[in-house]
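Worksheet: one structure, shown below.
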Amino acid sequence: MDITTLGGNILGTIPLGDIVIYLTPFHLFMFVVVLIFTALIAMSRTETQVEAEFGTLKESKVSVGLSEFKTRRFLAIVCGLATAGAMITGDLFNITLFIALIGIVNVGIVSAVKQVDVLDAAYQYGIIAMISSLPLFGGAAMILAATGTLSLFVLSGIAATPMMIFGAILLLIGIAGETGIAPFFATKAEMFRTPGSPFILIIHLSSLMVIIRAIEVLLIIVT
Amino acid sequence: MSKIGKLWNALANPDRIPKLYSLVLAAFLLVGFLVPISLDTNQIYPRPVPQEQVDEESPLAPYDRGGKVLKTPGIIKAQYSENSKSIGMITSYMSPQAILVQSISPYFGTSIYSSPGGLIDEVLYYSRGFDTILESTILMMSFVIASWLVVNFTMNTRRAEKDSKNSKKANIKNINISKNISKIDSSSLNKEEE
């Protein structure tokens, strides 16, 4: 399918050598939304969880230490910028790199927590993120081998072959693992139990936005 | 409990997810054997035929792209050639050391290519330079995460303990709570089974 059918009229391009970024209303909207969220998250403080105790009327507070806070904020900003980049890029290999970056940074955001259950879930998610780099980059390589190009603009004009469809599904499996969508959601769901709410939100937001963009990219390749 | 409920419960355990994911991936890769695969020979980033340059006894094999620095471009293609107008002009640049190595032996092509001052891969640094920046960013982020973990979880545990007094206390309580919950859970489950 054509880029303009999916995203609206092309408003302009940003040429970075072979990696050309196409600006359509759809891409620009997603880009700006992610940037606004990243700015909000960068400015906000973390939540302090208040937990009720069993057997008594007391409660305990779970807060985030300063150095942990700084690292997690830094990683959350990087995650937001990577998501924004994935929204706007017009190159297939470039988008896989952005998604790989999001996967690694997501693990990093929760790896600073000192809660065994959360660390265990993050470890399992890290394993999936590692495994999924095979279908992610493998899918992009299959499409490159089948068409000889990586530019989404050129790919949109090429009729789909069985090898391209296979590559596209491989890419989808890679993205599903890297962003941890259902049915592989359990690892991420456990990760959200940790305190430090705004940084956890960017994990959610990045998977959501990346999946929307990935569906657009797959439609460009397959149809 | 219904069958689908059991399935959801099985999917809710993080330990099982990597196994499930690997199974799905392996099954799909097996399907890949049935898909007709053909290489489009009109590739955007062409490579010479394997061993071709070695057979020609070029000292820069297998990375010889020809061309003269700032005079004639080497054989290198770009998707959007209008964005990289001077591609190929410096791909054959070699420092005096690299020229010396080249004159000594025909077997050091890879060393010349991988050393600073040797041949330059313009696909990496010019036409697809943004990808190279991203790749190194991924590496840097993993180093940031790994070094933070090393410093705070293994080397500097005393300060880390001070920092996280609150969360540590809460952890101990959490463990107690989870023990209580598991007791409650198992007892209620037993009742259900009964």
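Every helix of 4 or more DSSP H residues in the protein assembly as shown counts as -39500 (n - 2.57), and over all residues that averages to -19500 deg cm²/dmol at 222 nm.
Can you count the Lys pairs in the stretch B:1-128 whose Cα atoms are under 19 Å apart, with each pair 8 or more apart or on different chains?
Working: B:Lys6/B:Lys19; B:Lys68/B:Lys77; B:Lys68/B:Lys85; B:Lys71/B:Lys85; B:Lys77/B:Lys85.
The number of close lysine pairs in the stretch B:1-128 is 5.
When the stretch B:55-103 is described by a simple charge dipole with +1 on each Lys and Arg Cβ and -1 on each Asp and Glu Cβ, the residue from B:Leu60, B:Ile99, B:Thr72 located farthest towards its positive end is B:Thr72. Phi-derived couplings, Karplus 6.51 cos²θ - 1.76 cosθ + 1.60 at θ = phi - 60°, listed residue by residue for the stretch A:142-157: 4, 5, 4, 5, 7, 10, x, 8, 10, 6, 5, 5, 6, 4, 5, x Hz, with x used for Gly and Pro.
Each of A:Val116, A:Tyr22, A:Thr71 was scored by the projection of its Cα onto the charge dipole of chain A, and the greatest displacement toward the positive side belongs to A:Thr71; charges sit on the C-beta of Lys, Arg, Asp and Glu.
Suppose every Lys and Arg Cβ carries +1 and every Asp and Glu Cβ carries -1, with no other charges. What dipole size does the protein assembly as shown come out with about its Cα centre, to the nearest 20 debye?
Numbers: 31 positive and 31 negative charges, 321 e Å.
Dipole magnitude for the protein assembly as shown comes out near 1540 debye.
For chain A, the longest stretch holding no trypsin sites (Lys or Arg not before Pro) located in a DSSP loop with at most 12 other Cβ atoms within 10 Å is which?
Details: sites that count: A:Arg45, A:Lys58.
By the stated rule (loop sites, at most 12 other Cβ atoms within 10 Å), A:59-223.
Model label sites at B:Leu23 and A:Ser44, defined 7 Å from Cα along the beta-carbon direction, differ in position by 3.8 nm. When the listed pairs A:Lys58/A:Lys114; A:Lys70/A:Lys114; A:Lys114/A:Lys188; A:Lys61/A:Lys114 are checked against a 18 Å cut-off, the alpha-carbon distance exceeds it for A:Lys58/A:Lys114. Classification of the protein assembly as shown by its C-alpha gyration tensor yields a prolate form. The axis ratio a/c (a ≥ b ≥ c) is 1.5 or more, and a/b outweighs b/c. With loop membership from DSSP and a limit of 16 other Cβ atoms within 10 Å, the longest segment of chain A without GluC sites (Glu not before Pro) is A:54-223.
None of the figures in this text is laboratory data; all of them are computed from the coordinates on show. If you're wondering where the values come from, they're calculated on a predicted model, not measured in any experiment. All Cβ positions, even for glycine, are placed from backbone atoms using ideal geometry, and neighbour counts span all protein chains on display.
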